[in-house]
1. Given the conditions (1) assigned to a helix (DSSP H, G or I); (2) touching a residue at least 24 places away in the same chain (Cβ under 8 Å), which single one is not true for L36?
2. Starting from residues that are modelled with pLDDT of 85 or more and surrounded by fewer than 17 Cβ atoms within 10 Å (Cβ to Cβ), keep the ones in segment 1-19 and report whichever is nearest to the chain's Cα centre (by Cα).
3. Can we say Q132 is over 11 Å from the mean Cα position of the chain (by Cα), modelled with pLDDT under 50 and either under 20 Å from M25 (Cβ atoms) or among the polar types (S, T, N, Q) (or both)?
4. Considering only residues that are of a type in the set (A, V, I, L, M, F, W, C) and farther than 14 Å from I42 by Cα, which ones fall in segment 91-110?
5. Output the number of residues of segment 26-71 satisfying the condition of being of a type in the set (A, V, I, L, M), surrounded by 18 or more Cβ atoms within 10 Å (Cβ to Cβ) and in contact with a Phe, Trp or Tyr (Cβ under 9 Å, 6 or more places away or on another chain).
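The values are calculated or read from the model by the stated rules, or taken from the named source; none is laboratory data. The structure displayed is predicted, hence computed values, not measured ones. FYI the Cβ positions are ideal-geometry reconstructions off the backbone, even for glycines, and counts take in every protein chain you see.
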Amino acid sequence: MASQVSTSTPLPRVTIQFCTQCKWMLRAAYYAQELLSTFSTILGEVALQPSTGGTFIVSITHQAPEAETASTKVLWDRREDGGFPETKVLKRRVRDVVEPGRDLGHVDGKHAKKTEENKAAQPQQGEEKAVQGQAAQGGGDKKCEDCQ
């Protein structure tokens, strides 16, 4: 007979789903480390979830004080948001869910103007292309079609 074990996941739980074929594991681990360093004991768990198909999605599962059930919210989707998040943007989005009133110090500072954010995002888009080129060149029997 199989016994049922109650597996309670500590909340809030951040899940970083990343494409293994694109070799994005180190990028996912970096974001996880940054979130754990900033939010230490506030986050119940940060999980890395391997995937395929060019996926890079950061989501958070949390339970509001007045809610009876937990809900999941996508904080960043590479396809919808375009590329990868700046660390400070991801930290703000996590903060807005887990501790809206918290000051993130220099990360929170004066929010940069839209033009400055766009300039900062441009190198990331080039970085994404470099990573995609590396994924297409080597590693694995199957190539990620989304990355070509």
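1. (2)
2. Applying the first criterion (modelled with pLDDT of 85 or more) to segment 1-19 yields 10-19.
From the residues that got through so far, the ones that are surrounded by fewer than 17 Cβ atoms within 10 Å (Cβ to Cβ) too are 10-11.
Working: P10: 18, L11: 16 Å.
Residue satisfying both the conditions and the ranking: L11.
3. On the way: over 11 Å from the mean Cα position of the chain (by Cα): yes; modelled with pLDDT under 50: yes; either under 20 Å from M25 (Cβ atoms) or among the polar types (S, T, N, Q) (or both): yes.
In short, yes.
4. First, pick out the residues of segment 91-110 that are of a type in the set (A, V, I, L, M, F, W, C): 94, 97-98, 104, 107.
Scanning segment 91-110 gives a single hit, V107.
5. In the first step, residues of segment 26-71 are kept if they are of a type in the set (A, V, I, L, M); the result is 26, 28-29, 32, 35-36, 42-43, 46-48, 57-58, 60, 64, 67, 70.
Then keep just the ones that are surrounded by 18 or more Cβ atoms within 10 Å (Cβ to Cβ); that gives 28, 32, 35, 43, 46, 57-58, 60.
Keeping just the survivors that are in contact with a Phe, Trp or Tyr (Cβ under 9 Å, 6 or more places away or on another chain) gives 28, 46, 57-58.
Of the residues in that region, 4 qualify.
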